[in-house]
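Each reported figure results from applying straightforward, stated rules to the coordinates on display, with no laboratory input. On a predicted model such as this, the values are computed, not experimentally measured, just so you know. So basically every Cβ, Gly included, is an ideal-geometry build from the backbone, and we count neighbours across all protein chains shown.
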């Protein structure tokens, strides 16, 4: 999985970027088919000490999105990862449950010629 972390309005310390990267890297264990993770970090203008993390997670056939705010970028990233983990789990549950496949087959009556 390719992970792109962008912070257009400020330079992150290297360790902060590594910590955020490692958070998102763990998502691949839940769903190995993830193609890339686009992470945008931004300062929340209406709050003096709030940081936002916006993520687009590209999986074969669809994209997942999450957005959270926190008192640090790492805090917001943790919240976003939890949101994405929940979305991935729901997707997996939906794919495992196919009610149309669980219906009994329609049997033809034997007396008809």
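Filtering region 1-22 to residues that are surrounded by 17 or more Cβ atoms within 10 Å (Cβ to Cβ) and under 23 Å from residue 92 (Cα atoms) leaves only 3. Pick from region 63-85 the residues that are within 23 Å of residue 95 (Cα to Cα) and touching a residue at least 12 places away in the same chain (Cβ under 8 Å): which of them is surrounded by the most Cβ atoms within 10 Å (Cβ to Cβ)? Looking at residues that are within 23 Å of residue 95 (Cα to Cα) and touching a residue at least 12 places away in the same chain (Cβ under 8 Å), I get 80.
Of all residues in region 15-38, which are touching a residue at least 40 places away in the same chain (Cβ under 8 Å), within 11 Å of residue 55 (Cβ to Cβ) and in contact with a strand residue (DSSP E or B) (Cβ under 8 Å, 6 or more places away or on another chain)?
The initial filter retains those residues of region 15-38 that are touching a residue at least 40 places away in the same chain (Cβ under 8 Å), namely 16, 19-20, 23-24, 26-27, 30-31.
Then drop every residue that is not within 11 Å of residue 55 (Cβ to Cβ), which leaves 20, 23-24, 27.
Answer for region 15-38, where residues must be touching a residue at least 40 places away in the same chain (Cβ under 8 Å), within 11 Å of residue 55 (Cβ to Cβ) and in contact with a strand residue (DSSP E or B) (Cβ under 8 Å, 6 or more places away or on another chain): 20, 24, 27.
Among the residues of region 23-45 satisfying the criterion of being closer than 17 Å to residue 75 by Cβ and out of contact with any helix residue (DSSP H, G or I) (no Cβ under 6 Å at 6 or more places or on another chain), which is surrounded by the fewest Cβ atoms within 10 Å (Cβ to Cβ)? Write out each step before concluding.
Within region 23-45, the subset closer than 17 Å to residue 75 by Cβ is 23-24, 26, 39-44.
Cutting the leftovers down to out of contact with any helix residue (DSSP H, G or I) (no Cβ under 6 Å at 6 or more places or on another chain) gives us 24, 26, 39-40, 42-44.
Values: 24: 23, 26: 10, 39: 22, 40: 15, 42: 19, 43: 14, 44: 13.
The residue in question is 26.
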